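Asker: Can you read through this structure? Questions will come right after.
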Amino acid sequence: MQRRVFLTGLLAALPVTGAWAEDRASRAAAFIEAQGKALVAVLDSDTPLPEKRAEVARLLREAVDVRGVGQFVLGRHWRTASEAQRGQFLELFEETLVRNLSARFGELQGVTFEVGRAQPRGEDGVSVATTVNRPSQPPVMLDWLVSEASGRPLIVDLIAEGTSLRITQRSEYSAVIQRGGGRLDVLLDAMRRQLAQLEARELASN
Amino acid sequence: MHPTALRLVALLATGLAAGCATVPPESEPEARAEYFETNDPLEPLNRVTYAVNDAFDIMLLRPAAEAYRLFLPQPVRSGIGNVIDNLLLPKTAAHQLLQGKPEMAGKAIARFVVNSTVGILGVFDFATDLGLEPQYEDMGQTLAVWAGTTNGGPYIVLPLLGPSNLRDVFGRSIDIATDPWDYIGQGDTVRALRITRTATQVIDTREQLIEPIDELRQRLDPYAALRSVYQQQRARDILDESPPRRRFFDWRFRPE
């Protein structure tokens, strides 16, 4: 609430030309605040693991532009992929995102977060800074890139301590494909194996 | 030239050629663009060095970092880390001057003075409370500012030291040769202190990276991921976009 008052104050102080960008920025910040609260609520709930995972998957689909990020991450290989491969890739990619979270449900108990500054990043969208606090652990700085290209705010990148997840992921996937002789199926197989590992880890830690 | 020497040269030449990645042909502009963006012509060689480093890390460095974390409580580690960071401030200030950022250099010196005195030889970071936040610069960053680009040339994995690039290899050697603390004092005690400092710095850095590197090892291609992370982090450091990080101090270990 305080933040909104602050933003409104800031808005009034800005020249009219900046008002639109500021509006976009505050929308993005409010979006991250709402999505974050919903996620924390699920993480802290006592629901059994499979339901918790399903709930997180639903939130993720609602908040993240999975198709857009997937397309970015696959880069030049997206265009040469067949329709079936694209479908498989997006499915695996989304599952990887969910499993990466669900394998950490234990560690993520009791996290809190604060939304910080929201800064327009040109065509890429708005970057919203958050500080994530875990009990007796150093805080983590996460910046969320929110784009309204699809008509509503959606997360298109996560910058963890200065490292863009989608750029790193693209670089990694591209290396896997290249080392697999330029075949996308090699990546898809590797992703399936990784998912199996994450699943095993989830069973072990939760 | 002696025939054996000639054979050796020929062998070295083919070895080097085999150690290079091939540039994609003009007919594949996207693959070419990616090749230059990745900027890793020595990839085959780098991957070998990476594997050796990785094995060394698993056998020696990571266990040492684990032991450090196990035997020293977190506030003590933060204090030690603060001392290490504090000793880097004169170098940081010098580079800020070289990069034409005198106000930043002034802040770095002020931070050094406050933490060295009030903070008891750097153990406590009171300077942050005064608005003098942590900062770090090195020769690699200065060279990048002078060159006007974050592109550091071909990616290089150094034995033991890990990810680097042409610019940072050069910068690092200058930094090592010009460390201000190497010009003060002499004798066995000072030498022992220097070795202790270097060893502590290595273990402290590794301890902070236990979780990130564990995560990295779970990835599909840790080598490619680390290369990308290194390039992104350096770019942010050069552009001074990395948010200042104060070391975590959790006093709750004390009975309340």
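Asker: Can you sort B:95, A:77 by how many other beta carbons sit within 10 Å, fewest first?
Answerer: Least to most surrounded, the residues fall as A:77, B:95.
Asker: What is the magnitude of the charge dipole of the protein assembly as shown about its Cα centre, with +1 placed on the Cβ of each Lys and Arg, -1 on the Cβ of each Asp and Glu, and no other charges, expressed in debye to the nearest 20?
Answerer: Value, rounded to 20: 280 debye.
Asker: When the helix-only estimate is applied to the protein assembly as shown (DSSP H runs of n ≥ 4, each -39,500 (n - 2.57), divided by the residue count), what is the mean residue ellipticity at 222 nm, nearest 500 deg cm²/dmol?
Answerer: -20000 deg cm²/dmol
Asker: What's the average, rounded to a whole number, of partner chain beta-carbon atoms within 10 Å of each residue's beta-carbon in B:92-100?
Answerer: 0
Asker: Pop out the Kirkwood hydrodynamic radius of the protein assembly as shown from its pairwise C-alpha distances, inverse of mean 1/r, in Å to one decimal.
Answerer: 25.0
Asker: Compare the Cα positions of A:48, A:187, A:128 along the charge dipole of chain A (+1 at Cβ of Lys, Arg; -1 at Cβ of Asp, Glu; about the Cα centre) and return the one farthest towards the positive end.
Answerer: A:187
Asker: Starting from the amide H of residue A:64, placed 1.01 Å from N in the peptide plane, find each other amide H under 5 Å away whose residue is 5 or more places distant or on another chain.
Answerer: A:155
Asker: Could you give me the ³J(HN,Hα) list for segment B:47-54, computed from phi with Karplus coefficients 6.51, -1.76, 1.60 and θ = phi - 60°, whole Hz, x at Gly and Pro?
Answerer: Coupling constants for segment B:47-54: 5, 5, 4, 4, 5, 5, 4, 4 Hz.
Asker: Please report, to two decimal places, log10 I(q)/I(0) for segment B:46-160 at q = 0.14, 0.18 Å⁻¹ as given by the Debye formula with identical point scatterers on the Cα atoms and no solvent.
Answerer: -0.81, -1.00
Asker: Calculate, in whole percent, how much of the Cα-Cα pair population of segment A:23-170 lies beyond 17 Å.
Answerer: 63
Asker: Next question. What is the mean number of Cβ atoms from other protein chains located within 10 Å of the Cβ atom of each residue in peptide A:173-182, rounded to a whole number?
Answerer: 4
Asker: Then there's this: What's the average, rounded to a whole number, of partner chain beta-carbon atoms within 10 Å of each residue's beta-carbon in B:215-223?
Answerer: That works out to 4 on average.
Asker: Still on this model: Take each of the peptides A:174-183, B:181-190, average the number of other beta-carbon atoms within 10 Å over its residues, and list them starting from the highest.
Answerer: A:174-183, B:181-190
Asker: Also, quick follow-up: Put one equal scatterer on each alpha carbon of chain B, apply the Debye formula with no solvent term, and list log10 I(q)/I(0) at q = 0.09, 0.10, 0.11 1/Å to two decimals.
Answerer: For chain B at q = 0.09, 0.10, 0.11 Å⁻¹, log10 I(q)/I(0) is -0.52, -0.63, -0.75.
Asker: For segment B:32-45, what does the Karplus curve 6.51 cos²θ - 1.76 cosθ + 1.60, with θ = phi - 60°, yield as ³J(HN,Hα) per residue in whole Hz, taken in order and with x for Gly and Pro?
Answerer: 5, 4, 5, 4, 6, 5, 5, 6, 9, x, 8, 3, x, 5
Asker: Under 16 Å between alpha carbons, and skipping anything fewer than 8 positions from residue B:101 in its own chain: which aspartates and glutamates qualify?
Answerer: By straight Cα distance, residue B:101 reaches B:133, B:137, B:138, B:237, B:240, B:241.
Asker: Additional query: Less than 10 Å Cβ to Cβ from residue B:93, Lys/Arg counted +1 and Asp/Glu -1: what total charge do the surrounding residues give?
Answerer: Residues close to residue B:93 contribute a combined charge of +3.
Computed from the coordinates by the stated procedures, all read-outs in this text should not be read as laboratory data. Bear in mind that the values here come from a model prediction, so they are computed numbers and not experimental data. A quick note on method: Cβ atoms are made from the backbone with ideal geometry, for glycine too, and the neighbour counts reach across all protein chains shown.
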